[in-house]
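Okay, structure first, notes after.
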Amino acid sequence: MTPELVVGFDLDMTLIDTTPGFRDVLRALAGELGVELPIEELTAVLGPPLDLMLKPHLAEEAIQPAVDRFRELYPAHAIESVAAMAGAHEALAAVRRHGGRVVVVTGKFTPNARLHVDHLALDVDHLEGKVWGVGKAAVLRREGAGIYVGDHVHDVEGAPAPDALSVSVLTGGCTAEELHDAGTHVVLDDLGQFPAWLDAHLAAD
């Protein structure tokens, strides 16, 4: 019996272009806190958890309250302005065409991730948030994912080797060289290339 196809996807900068919304929330947060944050610098490296991103810029005791407030501000500032990446819906549809399930595993706060998925009508079977780097492997293994698609070197770490292929897209700021060095199996320019790759990959199995 052929195993069920299950494909995992990262969310930020893989399925959705989070940059505009993230930037707007950071501006609102900085204004409330009365601090200056290097907003352009922070939005250029989306992927790591927010507490790690804020650590160089806030006192230790201020980080968790800032993270909590960021999450509260997020729905009002970051949903309407965030669009799906080019090819995102088509990539999910390609999985469906092969009778597969779609699992989204993201470091984003789960309720805010759900707002994006619902707003953009992303066809997803299971969403799991607040999972980062190697921690994604346990979720993907539990869900039976044989492929994990991400944009960051830490997404490569999340593909549960040797059980899953790591597929990377160049939409999140990491270079092809960085992704290959991290151990990814496949690098695509963007999700627009994913349906043809998936067709060829499954035909070869």
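The values are calculated or read from the model by the stated rules, or taken from the named source; none is laboratory data. Note that the structure is a prediction, hence the values are computed from the model and not measured. As a convention, Cβ positions derive from the backbone with ideal geometry for all residues, glycine included, and neighbour counts pool all protein chains shown. Please note that ligands, DNA and RNA were not included when accessible areas were found on the heavy atoms of the full protein model with its side chains. Shrake-Rupley method; radii C 1.70, N 1.55, O 1.52, S 1.80 Å.
For the reader, a short list of remarks on this structure follows.
- Residue check for Thr184: closer than 20 Å to Ala84 by Cα and among the polar types (S, T, N, Q): no
- Listed here are the strands (runs of 3 or more DSSP E) enclosed by the range 87-205 that have at least 2 residues being open to solvent by less than 60 Å² (accessible area, probe 1.4 Å) and not hydrophobic (A, V, I, L, M, F, W, C): 126-128, 147-150, 165-169.
- Those residues of the range 14-40 which are assigned to a loop (DSSP other than H, G, I, E, B) and buried (at least 23 other Cβ atoms within 10 Å of the Cβ), in sequence order: Thr14, Leu15, Thr18
- Filter result for Val153 (free of Cβ contacts under 8 Å to residues at least 60 places away in the same chain and within 14 Å of the chain's Cα centre (by Cα)): yes
- Apart from one condition, Leu73 fits all of (1) open to solvent by 60 Å² or more (accessible area, probe 1.4 Å); (2) at pLDDT 95 or above; (3) in a helix (DSSP H, G or I); the exception is (1).
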